[in-house]
Amino acid sequence: DTEVTQTPKHLVMGMTNKKSLKCEQHMGHRAMYWYKQKAKKPPELMFVYSYEKLSINESVPSRFSPECPNSSLLNLHLHALQPEDSALYLCASSQGERREQYFGPGTRLTVT
Amino acid sequence: QQQVKQSPQSLIVQKGGISIINCAYENTAFDYFPWYQQFPGKGPALLIAIRPDVSEKKEGRFTISFNKSAKQFSLHIMDSQPGDSATYFCAASSRDYKLSFGAGTTVTVRA
């Protein structure tokens, strides 16, 4: 089973709202990722967690706050977003730094 | 700057034809090269991947060709079907969790 699940599928939020995106995998993978994807562009890496510790932050604005409660779960907390943050947010997981990354279906975020 | 250059941006192929997508890289530290297939509104799905110790890898109708000296690799989709219509991303990685993606190729297979 190579499934990564994400909730919600769609999210509309105002610029003053606080919301969270959730990601879950049960493949025993020890690395989990957040990506942002704009239309007709490749995914852009935001954060990497390795063994539940934040390993990489690609200079993401602080209005995005990741959290890894355990080895199967990854959250992305959103606060005071801007309309340009509207995008498809993808979660991925992998066995390690050199192994295949498996993506979830994404959360389509619209900031109004 | 984009570390992996992908071409063409889009292509149209007749059903049963061959789709060919090319990628080139400069970073010699890259040692893992996956291809992803993405349908509209969905997440990318890992299609096939290759490491530089082999020159070709085939899975069903999908084949990766790899030329280490030229720092190029390509995806061939044989007997293309309408269900193959999607965006394809090549990528490259070294030992650092990061995937460097190409810009993507939109493939349209006409019935």
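A few comments on the model shown:
- For A:Ser65, the test of being part of a strand (DSSP E or B), buried (at least 18 other Cβ atoms within 10 Å of the Cβ), among the small types (Gly, Ala, Ser) and at pLDDT 95 or above is failed.
- Strands (runs of 3 or more DSSP E) contained in the stretch B:34-111 and holding at least 2 residues surrounded by fewer than 19 Cβ atoms within 10 Å (Cβ to Cβ) and among the basic types (Lys, Arg): B:56-59
- Matching residues, the stretch A:82-107, being touching a residue at least 40 places away in the same chain (Cβ under 8 Å), part of a loop (DSSP other than H, G, I, E, B) and in contact with a Phe, Trp or Tyr (Cβ under 8 Å, 6 or more places away or on another chain): A:Glu97, A:Gln101, A:Gly106
- Taken residue by residue, the stretch A:60-78 has no member that is among the hydroxyl-bearing types (Ser, Thr, Tyr), free of Cβ contacts under 8 Å to residues at least 12 places away in the same chain and on the phi > 0 side of the Ramachandran plot.
- Pairs meeting the criteria (first residue in the stretch A:22-43 and at the interface with chain B (Cβ under 10 Å from one of its Cβ atoms) and farther than 16 Å from A:Thr5 by Cα, second residue in a loop (DSSP other than H, G, I, E, B) and not small (Gly, Ala, Ser), beta carbons under 6 Å, at least 6 apart or on different chains) are A:Gln37/A:Pro43.
- Residues of the stretch B:36-70 that are out of contact with any Pro (no Cβ under 6 Å at 6 or more places or on another chain), of a type in the set (A, V, I, L, M) and closer than 15 Å to B:Cys23 by Cβ: B:Leu47, B:Ile48, B:Ile50, B:Ile64, B:Ala70.
The values are calculated or read from the model by the stated rules, or taken from the named source; none is laboratory data. Since this is a predicted model, take the numbers as computed values, not measurements. Please note: Cβ atoms are built from the backbone with ideal geometry, for glycine as well, and neighbour counts cover all protein chains shown.
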